[in-house]
1. Only loop residues by DSSP count here, and only those with at most 14 other Cβ atoms within 10 Å; note down the trypsin sites (Lys or Arg not before Pro) in region 209-288 that meet that.
2. Are there any trypsin sites (Lys or Arg not before Pro) in region 296-398 that are in a DSSP loop and have at most 14 other Cβ atoms within 10 Å? List them by number.
3. List the pair-distance distribution P(r) of region 123-245, using every Cα-Cα distance, as the percent of pairs falling in each 5 Å bin from 0 up to the bin containing the longest distance, rounded to whole percents.
4. Given the peptides 260-270, 70-80, 5-15, arrange them by the average over their residues of other C-beta atoms within 10 Å, most packed first.
5. Viscosity 0.890 mPa s, temperature 25 °C: give me the Stokes-Einstein translational D for region 265-343 in µm²/s, with Rh taken as the Kirkwood radius over C-alpha pairs.
6. Volume per residue, Å³, of the convex hull around the alpha-carbon atoms of region 2-62?
7. Shape of region 222-304 from its Cα gyration tensor (a ≥ b ≥ c, root eigenvalues): rounded if a/c is under 1.5, otherwise prolate when a/b > b/c, or oblate?
8. Which residue, Ala119, Leu33, Asn7, has the largest displacement toward the positive end of the dipole of the chain when charges sit on each Cβ (Lys, Arg +1; Asp, Glu -1)?
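The values are calculated or read from the model by the stated rules, or taken from the named source; none is laboratory data. These numbers were taken from a predicted model, which means no experiment stands behind them. All Cβ positions, glycine included, derive from the backbone under ideal geometry; neighbour counts span all protein chains shown. Ligands, DNA and RNA are stripped out before the accessible areas are found, and what is left, the full protein with its side chains, is counted by its heavy atoms. Shrake-Rupley method; radii C 1.70, N 1.55, O 1.52, S 1.80 Å.
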Amino acid sequence: MADSAFNPFEMAQTQFDSIADTLDLDEGTRQILRNPLREYHFQIPVRMDDGTVQCFQGFRVQHNDARGPAKGGIRFHPQETINTVRALAMWMTWKCATVDIPLGGGKGGVICDPHNLSAREEERLCRGWMRQMARDVGPVRDVPAPDVMTSPQHMLWMMDEYETITGTKAPGVITGKPVGMGGSLGRTEATGYGVIFTVREALKELGIRPQDTCASFQGFGNVAQYAMQLYGQLGGKVVCVSSWDQGDQTSYAFKKDDGLDLDTLLGITDRFGGIDKAKAKEMGIEVLPGDAWITQDVDILIPAALENQVTGKNAGDISQRVKVIAEGANGPTTPEADKIIHERGIYMIPDVLSNAGGVTCSYFEQVQCNMNYFWDKDDVLSRLDLKMTSAFQAVSALAKKRGIYHRDATFLIAVDRVARACRDRGWV
Ligand code: NAD
């Protein structure tokens, strides 16, 4: 979203085309997987606090549901585009297949800036989104979740609207809800922890101890904060994080060579993951231009903000010391950057594997909602670890066997599973 000329859906299709060639997929299967099965574009009229009505553009894309109900977050962002939503929906299909959960891929979005909305306006927007989509989502049809700038509270308003419209109790319609209102323990941590489960496994393969490593993050929201927490518990040191500054409309990187303290940073961060640069300076944290996160002399890079951040232009700036890149964000690395990273022999843990912890835990949340019985947090997190680790091992085994890049190995496994489901159903 940072670059208006960048089309994430073209990038997702380019990735798919190359895997389709390797798998030698027939033309019908290519066509059905290359595009979304269904998409919805709609206006959401919202009565603002000052009495005026503002219409917001909303989207939902159901890319593929051959393996189960569509699944994917709803993003609130001022630069949201249908092509971003299409790409994210396609990546969700591959992600659910990578971790082998019985779900398809979907994604939603609204063009809006929650920084400029009151809580009541956000509530009306969430309810308006659901009024437009209630006929076409549902526990066995399409199950939304939070994403960038959407929260458990947003999910609860949407669930409430859905239940009001359908006259049912249907907590399985949406995931990422607050704990106690159908949410799962561990969901808040799940994506960030999942990223670190895969980093832990990659380091094990490389024969490196986490406590001997340091890392740099892009982004300091839900994913980055919990990844940083677990990485810290394993003994790793985070020396740099970057975040978006709403006031200046640019990003900054925050650096401390002897390690940034998570709780200190959380104390000076707003609910959107924006770090207060004046307070950071007072605390002796260096404030650098936003792109400094990628040039740090670290062992691990974790892009956890947005797509199109590691590109052909800046991949060459990655330090020679970097051994692992774990994609917390969706689509942060372009195919041009992939070539450079592959040639450099950096261990890439691709988004559809690395950040699959969120959707895996969302799946657990749905299972718990359907049973109306909730597991304790250790139970959730140990099941999550098991799922992430076994998906990681399957990808790693294939990458080794065929001598291929980890992103290609991941996509080969995922696309093959979805293509088989389409064939087995008789769609193609
Ligand atoms: P979030 O809204 O909680 O946080 C986003 C963070 O990125 C904030 O700290 C923001 O300041 C920062 N940011 C935005 N633009 C930036 C820029 N140009 N440079 C530096 N920092 C910038 O979002 P999140 O839930 O943490 O999601 C982050 C990424 O992870 C997204 O790509 C999202 O799709 C992906 N993801 C999220 C989940 C989840 O469960 N939350 C699951 C899978 C993937």
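1. Loop-located and lightly packed - Arg271.
2. Hits after loop and neighbour filter: Lys313, Arg321.
3. 2, 10, 18, 17, 13, 11, 10, 9, 6, 3, 1, 0
4. Packing order, densest peptide first, comes out as 70-80, 5-15, 260-270.
5. 177 µm²/s
6. Convex hull of Cα atoms, per residue: 113 Å³.
7. Rounded shape, in that the Cα axes give a/c under 1.5.
8. Leu33
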